[in-house]
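Once you've had a glance at the structure underneath, I'll fire off some questions.
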């Protein structure tokens, strides 16, 4: 990754944290393509993350490879001691 790619990646990750409140998304830049990878809990969150990245991506093409994972309700009460 060159300095420009590193700057764009860091800039997009900052935007995702501030705007989409997502910290676990990996951002990779290869040439003019920005790849988003990670997991979110809904298709709506996936779109929100992509839109926040698009704003910060400085005209780069976005490849959204984020997976939507189902979050299960707990089976019962959890006791902490």
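The values are calculated or read from the model by the stated rules, or taken from the named source; none is laboratory data. All values reported here derive from a predicted model rather than from experimental measurement. A quick note on method: Cβ atoms are made from the backbone with ideal geometry, for glycine too, and the neighbour counts reach across all protein chains shown.
Please specify each residue of region 1-44 satisfying the condition of being assigned to a helix (DSSP H, G or I), in contact with a strand residue (DSSP E or B) (Cβ under 9 Å, 6 or more places away or on another chain) and modelled with pLDDT of 90 or more.
Across region 1-44, the qualifying residue is only 43.
Let me ask another. Of all the residues that make up region 35-58, how many are without any contact (Cβ under 8 Å) to a residue 24 or more places away in the chain and over 14 Å from residue 21 (Cα atoms)?
1
Return the residues of region 60-81 that are assigned to a loop (DSSP other than H, G, I, E, B) and touching a residue at least 40 places away in the same chain (Cβ under 8 Å); say none if nothing qualifies.
60
Within region 45-54, track down each residue that is in contact with a strand residue (DSSP E or B) (Cβ under 9 Å, 6 or more places away or on another chain) and surrounded by fewer than 16 Cβ atoms within 10 Å (Cβ to Cβ).
As a first pass, look at region 45-54 and keep what is in contact with a strand residue (DSSP E or B) (Cβ under 9 Å, 6 or more places away or on another chain): 45-50, 53-54.
Hit for region 45-54 is 47, nothing else.
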